[in-house]
Structures are given as C-alpha cells and as structure tokens.
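Take a look at the structure set out below.
No value in this document is a laboratory result; all are computed from the given coordinates. The structure presented is a predicted model; accordingly, all values stated were derived computationally and were not measured. For neighbour counting, all protein chains shown are included, and Cβ atoms are generated from backbone atoms with ideal geometry for every residue, glycine included.
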Amino acid sequence: MDALSDVLQTVRLTGGVFVEARFTAPWCVASRFTPEDCRPFIDNPVQLVAYHYVTRGRWWLQVAGEEPVEVRAGEAVLLPRNDPHVMGSAPGLRPVCARTLVKSEEGGGLSRIVHGGGGEATHMVCGFLASDQHRNPLITTLPRVLKIDMTQTGSDEWIESSLRFALRGLSEGLLGASTVISKLSELMFVEAVRRYADTLPPEERGWLAGTRDPYVGRALALLHGRTDQRWTAESLAAEVSLSRSAFCDRFTAVVGMPPKRYMISWRLHVAKDKLREGCKPIAQIAHEVGYEAEAAFNRAFRREYGVPPAAWRRQAQPVDH
C-alpha cells in the first residue's frame with residue numbers, strides 16, 4: 001500500500017447519497033448539504049464533503065469567488081468544504097433552492113429531483129462524505145472545488161453500473177445498498193485526492209505533499225492513526241527505516257516544519273476536538289494524545305492557544321439561553 005493510501009485510512013469518512021436528480025434545460029438550483037441530510041449514515045457529522053456524479057448530459061457549477069466549472073457525463077465534482085454552490089444548465093441563471101424541489105419516495109426510498117424547462121437532459125447523483133473529526137488535515141489542504149474525470153481512470157462504467165444497482169436497491173429497500181454507495185463514494189473521493197496530489201508541483205510543501213513521499217507519508221499515517229502513542233523523531237525514523245537526521249531533514253523539507261513541531265501541533269488539535277466533544281477528564285485527554293503527564297499537556301496547550309485546556313473548554317462550550 002502506498003503512503004497516500006495509508007494516510008487516507010486515518011481520515012474517517014463515511015459516504016452516502018442524498019438525492020438522484022434529473023434536470024432539463026434551462027435549469028438552475030442553489031444547493032448545500034446539511035448535517036441532517038447525513039443522519040441516516042453518520043450520527044455526528046462535523047465536516048461534510050459534497051459531491052455530484054454526472055451520468056448524463058452536462059452542467060455548470062459556481063462557487064462564490066471561483067470561476068464557473070463545466071461538469072460532463074462521467075465526471076464527478078467534489079466540494080471538500082461543502083461550500084454553498086449553484087448548479088445550472090448555463091452560468092448566470094437565477095437559481096431556485098434545490099431543497100424545495102426534493103421529493104421523498106414513499107417507503108423511505110431515495111429522494112429525487114425532477115426539474116427544468118424540457119430541453120437538454122442532465123442526470124446526476126448527489127451525495128456526501130462526512131467525518132466526525134473537527135479538524136481533518138486532508139480537508140484543509142484541498143481546493144474548494146475538485147473535479148475528476150472518471151472516464152480517464154477507466155472507472156466510469158463500473159462506478160455507474162454499481163451506482164445504478166445500489167440506487168435501485170435503495171429504492172426497493174434491499175439490504176446492503178447503502179453500504180455499496182458508501183464505499184463507492186469513498187473510492188471516488190480517494191481517486192480525486194490522488195489525482196489532485198499528482199498535479200502538485202515538485203516544490204510544493206505541506207501535508208498532502210508529504211503523503212507523496214514514501215517515508216514521510218508513512219510517518220504521517222502512523223502519527224494520525226496512533227495519536228495516543230508517544231512518538232518521537234527517533235521512533236518515527238526507526239519505523240520508516242531512516243536515521244534520525246535523515247528523517248528530520250526529509251520531513252522538514254517536504255512538510256515545511258520539523259517532525260517534533262508537527263507532532264505537537266497535531267496532538268493539540270486532536271485534544272481540542274476531545275475537549276470540545278465531551279466531559280472527559282483533562283488528564284485522560286492528555287494521555288489519549290500522547291502526554292505522560294497532565295502538567296506537560298497543560299503547558300503545551302497554553303503555549304499553543306494562549307489559555308489552559310480547562311479554560312479553552314469552557315470558552316468552546318455553547319451558552320444556554
């Protein structure tokens with residue numbers, strides 16, 4: 001398994017399909033998924049990635065501040081930060097709210113949209129990937145719009161046939177159909193990320209660039225997959241079969257910061273999620289993110305965020321009115 005695949009395994013994403021849409025030109029809708037759309041698939045969706053896979057026709061996607069993107073049959077477009085977006089048969093049309101057009105099927109089948117002026121037909125499947133992680137290192141490195149041509153991967157025919165099978169299964173209430181769609185969504189996302197990573201220039205630095213390096217990528221997978229382990233530069237170097245100095249030089253050159261600094265930053269971000277999510281004792285959270293002593297965790301957290309973890313937790317809790 002390559003380094004990118006290792007790291008992607010640590011990114012907890014669950015996929016699902018929200019609606020099957022059939023449009024005829026002219027048409028234009030405004031869309032954004034909400035956590036409620038994902039509840040049947042994941043209990044606590046925090047980060048959402050919207051996607052649309054086109055099975056017929058073509059259309060245009062517009063995100064505020066970005067150039068319009070044309071999407072054709074066999075292509076998928078992903079919005080890694082679930083930005084509000086407008087979809088239409090041409091740029092510049094006045095949109096209607098997509099949510100008002102959604103028709104739920106009787107018996108809990110897949111929801112559908114049928115809308116438009118009767119012209120050129122466009123069919124698509126609209127879905128999402130959701131994560132329960134507040135700060136996902138992959139999501140923050142991706143562009144706001146990510147398009148992938150599945151025909152270039154040789155995957156369009158089997159993905160479309162698998163989607164049709166799974167969608168029919170959802171409509172008929174067949175067991176396992178939602179699992180098939182979830183896996184298809186995840187595979188589509190992985191392929192899109194892989195292709196985007198391949199387009200990065202050789203001099204690019206950062207988290208995603210690090211996943212292209214077999215040594216640094218493996219170290220990132222270990223760090224993100226086993227947060228509670230007390231990693232050091234020496235232990236990570238040993239795991240990836242490099243000397244400490246060679247590993248530190250390589251990691252710093254690719255990611256843009258030394259491994260020790262990255263480890264501290266990642267542990268404390270994980271700690272913030274745990275502090276925000278519940279009422280675990282701070283000593284337990286410190287242990288879960290790799291600190292032997294609560295005092296050391298408190299000092300590191302305060303250096304990073306300016307307040308101790310207990311105070312940060314109080315500030316992060318919603319205020320009841």
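Students often forget the sequence filter, so: which lysines lie under 23 Å Cα-Cα from LYS280 once same-chain residues fewer than 8 apart are removed?
LYS272
Report the label-to-label distance for ARG56 and LEU187 in nanometres (one decimal), using points 7 Å from each Cα along the Cα→Cβ vector.
Distance between the two pseudo-spin positions: 2.3 nm.
At a Förster radius of 51 Å, what calculated FRET efficiency corresponds to the Cβ-Cβ distance of ARG32 and SER245, to the nearest 0.05?
E(calc), rounded to 0.05, equals 0.60.
Work out, step by step, the length gained on full extension between GLU294 and ASP149: first 0.36 nm times the residue separation, then minus their alpha carbon distance; give nm to one decimal.
So the chain would gain 47.3 nm between GLU294 and ASP149.
Given a Förster distance of 56 Å, report the FRET efficiency between ARG303 and ALA121 from their Cβ-Cβ distance, rounded to the nearest 0.05.
In this case the efficiency is close to 0.45.
Could you give the length gained by full extension between ALA316 and THR232, i.e. 0.36 nm per residue of separation minus their alpha carbon distance, to one decimal place?
Here the segment from ALA316 to THR232 would lengthen by 27.2 nm.
I'd like the Kirkwood hydrodynamic radius of the stretch 218-321, using the inverse of the mean 1/r over distinct C-alpha pairs, in Å.
The Cα-based Kirkwood calculation yields 14.6 Å.
Cβ neighbours within 10 Å, averaged per peptide: list 251-259, 20-28 in order, most packed at the top.
20-28, 251-259
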